[in-house]
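Some notes on the structure that comes next.
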């Protein structure tokens, strides 16, 4: 604490990301990274980029990437916004849209950065509990609001909300913006991108960190009506002109081009997730149905904290949240088939399993 | 404009960066980029980085880079903050420190992003005119304030403020934070970094974009008392956990290691700046004494707008600000010796020169 701090920042409780261990011998299933490397085309694009050009500023509009995304999603250039990871895109969106007179509505259990942004920007918010089955029930969102945000599929539960329910939510909230955070959409979920054509009150946010294996390159994007994108650009251009560096731009463009690799690696993860789910259930675990690259699971008789420690002592790193209501669950990232086999074998050796 | 925009963002006037032309045949002297490529060690570090690892999140603390900067400046790790370009570092610093009851003081003519940040974060501010010689006169800053920021050397004037004047300012303002934006310090200026040891109310911000030829990689940093750095980390970790991607981190570390290259290229720019200044003066230009990689100059009889157009029609791109008081000046980046010779020859061919 320092007398030079702005009064508002004294109240902040920053987000804590999953551990990035400094040792190499761990099977890392704690931050939902993709077990497969990025497409060879990404590597080629970065290696071939003339590094002399790094002396020049990057394109502040990341034109090439926005155009690639527009083509990919069959949208217009003006429907696309890009940022330094989807966390930055989310933060700028909170500032652009959610500083309203009425409270923002969001699930009580969801990506835990959302309420951090609310505190950062002094946004009033109301957290709505999930059902006992960890589902989002939009009936509970029938109340005055200055915006709604949720992740679909949700994190850390992995559960998907059906598209027709999202459409009903949009119809019921024509005066509010609804943000659908689709960080995990490419592992079998149904994207709300198609709703953009008919609704100007939906903003879809996605990332290259999970399904495109580029967590280390920091690329996120938002898709929506051009007036929403214009709002994001206003905030971005009042904050940082050049959020995406030149290597991230060429890498992201190359990742989008390699459709086959994208489909193939994601299918492997989906198959492995379903195998892991079946195995865990056989071992007495409850597994929430997942449409993501992780499973959210708890054992009938061993606590989440204990299981996390047990796995850690066997060089398997998984994520545990001490938050009440989910404190007995683990969020386990889907790695390679071999990694998940190791996980299952290790669990089988637990004296109570 | 959209009904979904937060009320506050309707008032924003975003910063407009210098043009990044899409054509290649221009001599680009408009955004203060370094004419020399980054150090070969940077290229090597990026090329050698195992791209498979881009599937993993980067180190959210950029530990390696912070430690390198600490060693370079003979400071502790806790005195160093890094961000996605110095623009992001500045923006986070405005939020962390300048949202106070009393107004922020800044020069009327300086980096034009500062008042954009003030509007973004609803910070009251007061702009203090420069002297007729474009100097910052700190006597004019003897008034109640919630912080002070200026660039040293200043932009777009290029003029340096002496270190002893900055120290006096710090002494007179023990209750306020003073930010010294040293984007251009490596071209012959005297850095305020040494004052960090004795003053907890000074934060120095620098960038890799100019003197390290890495504008396209987006790396900025702040140096100051550990309580100031802790404040920045709080805001950063409430905004974006991973602002620097893995390639930027290794590139920046490699740039710091190549001291010889850094000294050599910067000396070439300094020599060329002094040559350019002498040439311009011979042609009837007024040139403000510069300690940067640009010159701020006006001709005795030709307007700034006209000169910019004339140069542009001869494939030379320079920066012109239409702001009253400096509207007859051009800001011309120092390029290679050959580029500056072309500039001078082109100017000589102007009918009024």
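The values are calculated or read from the model by the stated rules, or taken from the named source; none is laboratory data. Source: prediction; values computed, not measured. Here Cβ is always computed from backbone atoms with ideal geometry, including for glycine, and neighbour counts include all displayed protein chains.
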Check your understanding: Does region B:32-48 include one or more residues that are part of a loop (DSSP other than H, G, I, E, B), out of contact with any helix residue (DSSP H, G or I) (no Cβ under 8 Å at 6 or more places or on another chain) and crowded, with 20+ Cβ neighbours inside 10 Å?
Key -> yes
Check your understanding: Which fully enclosed helices (runs of 4 or more DSSP H) of region B:237-353 have 1 or more residues being more than 18 Å from residue B:29 (Cα to Cα)?
Key -> B:246-257, B:259-282
Study note, to complete from the structure: When (1) more than 22 Å from residue A:38 (Cβ to Cβ); (2) touching a residue at least 12 places away in the same chain (Cβ under 8 Å); (3) surrounded by 13 or more Cβ atoms within 10 Å (Cβ to Cβ) are applied to residue B:25, the one that fails is (3)
Practice item. Would you tally the residues in region A:94-110 being away from chain B (no Cβ under 14 Å) and either closer than 14 Å to residue B:10 by Cα or in a loop (DSSP other than H, G, I, E, B) (or both)? Key: 3
Review point. With (1) on the phi > 0 side of the Ramachandran plot; (2) surrounded by fewer than 22 Cβ atoms within 10 Å (Cβ to Cβ) as the list, and residue B:64 as the residue in question, which single condition is left unmet?
Key: (1)
Exercise for review: Inspect all residues belonging to region B:82-93 and state whether any of them is more than 24 Å from residue B:191 (Cα to Cα), in the same structural domain as residue B:234 (by TED's automatic domain parsing) and without any contact (Cβ under 8 Å) to a residue 60 or more places away in the chain.
Suggested key: no
Check your understanding: Looking only at region A:249-278, which residues are in contact (Cβ under 8 Å) with a residue 40 or more places away in the chain, outside the structural domain of residue A:57 (by TED's automatic domain parsing) and touching a strand residue (DSSP E or B) at 6+ places or on another chain (Cβ under 9 Å)?
Key -> A:273, A:276
Review point. Going through region A:209-222 one residue at a time, which ones are under 11 Å from residue A:85 (Cα atoms) and within 9 Å of chain B (Cβ to nearest Cβ)?
Key: A:209, A:214, A:215, A:216, A:217, A:218, A:219
Practice item. Quick one: residue B:78 ticks every box in (1) touching a helix residue (DSSP H, G or I) at 6+ places or on another chain (Cβ under 9 Å); (2) in a helix (DSSP H, G or I); (3) free of Cβ contacts under 8 Å to residues at least 40 places away in the same chain; (4) surrounded by fewer than 17 Cβ atoms within 10 Å (Cβ to Cβ) except a single one, so which number is it? Key: (3)
Check your understanding: Do we have any residue at all in region B:130-139 that's in contact (Cβ under 8 Å) with a residue 12 or more places away in the chain, touching a strand residue (DSSP E or B) at 6+ places or on another chain (Cβ under 7 Å) and within 29 Å of residue A:246 (Cα to Cα)?
Key -> no
Study note, to complete from the structure: Condition set in a loop (DSSP other than H, G, I, E, B) and facing chain B (nearest Cβ under 8 Å), scope region A:19-31, selection nearest to residue A:333 (Cα to Cα): answer is A:31
Point to revise | Which listed residue is touching a strand residue (DSSP E or B) at 6+ places or on another chain (Cβ under 6 Å) and surrounded by fewer than 23 Cβ atoms within 10 Å (Cβ to Cβ), from B:163, B:171, B:195, B:203 | key: B:195
Check your understanding: Taking region A:111-131 on its own, how many of its residues are assigned to a loop (DSSP other than H, G, I, E, B), at pLDDT 95 or above and under 22 Å from residue A:159 (Cβ atoms)?
Key -> 5
Point to revise | Residues located in region A:1-15, provided they are without any contact (Cβ under 8 Å) to a residue 40 or more places away in the chain and at the interface with chain B (Cβ under 8 Å from one of its Cβ atoms) | key: A:1, A:2, A:3, A:4, A:5, A:6, A:7, A:9
Study note, to complete from the structure: All conditions in (1) more than 10 Å from chain B (Cβ to nearest Cβ); (2) farther than 22 Å from residue A:59 by Cα; (3) in contact with a helix residue (DSSP H, G or I) (Cβ under 8 Å, 6 or more places away or on another chain) are true of residue A:257 except (2)
Revision key, fill the gap. Exception for residue A:53 within (1) closer than 19 Å to residue B:85 by Cβ; (2) facing another protein chain (nearest Cβ under 7 Å); (3) in a loop (DSSP other than H, G, I, E, B) falls at (3)
Exercise for review: Among the residues of region B:223-243, write down those that are more than 25 Å from residue A:86 (Cβ to Cβ) and more than 7 Å from every other protein chain (Cβ to nearest Cβ).
Suggested key: B:223, B:224, B:225, B:226, B:229, B:230
Check your understanding: Any idea how many residues of region A:56-70 are touching a helix residue (DSSP H, G or I) at 6+ places or on another chain (Cβ under 7 Å), in a loop (DSSP other than H, G, I, E, B) and more than 7 Å from chain B (Cβ to nearest Cβ)?
Key -> 1
Review point. Is one or more of the residues making up region A:335-346 under 29 Å from residue A:131 (Cα atoms), surrounded by fewer than 13 Cβ atoms within 10 Å (Cβ to Cβ) and not assigned by TED's automatic domain parsing to the domain that holds residue A:184?
Key: no
**Study point:** Residue under evaluation residue B:63, criteria (1) closer than 30 Å to residue B:232 by Cα; (2) under 23 Å from the mean Cα position of the chain (by Cα); (3) without any contact (Cβ under 8 Å) to a residue 24 or more places away in the chain, criterion not met
**Key:** (2)
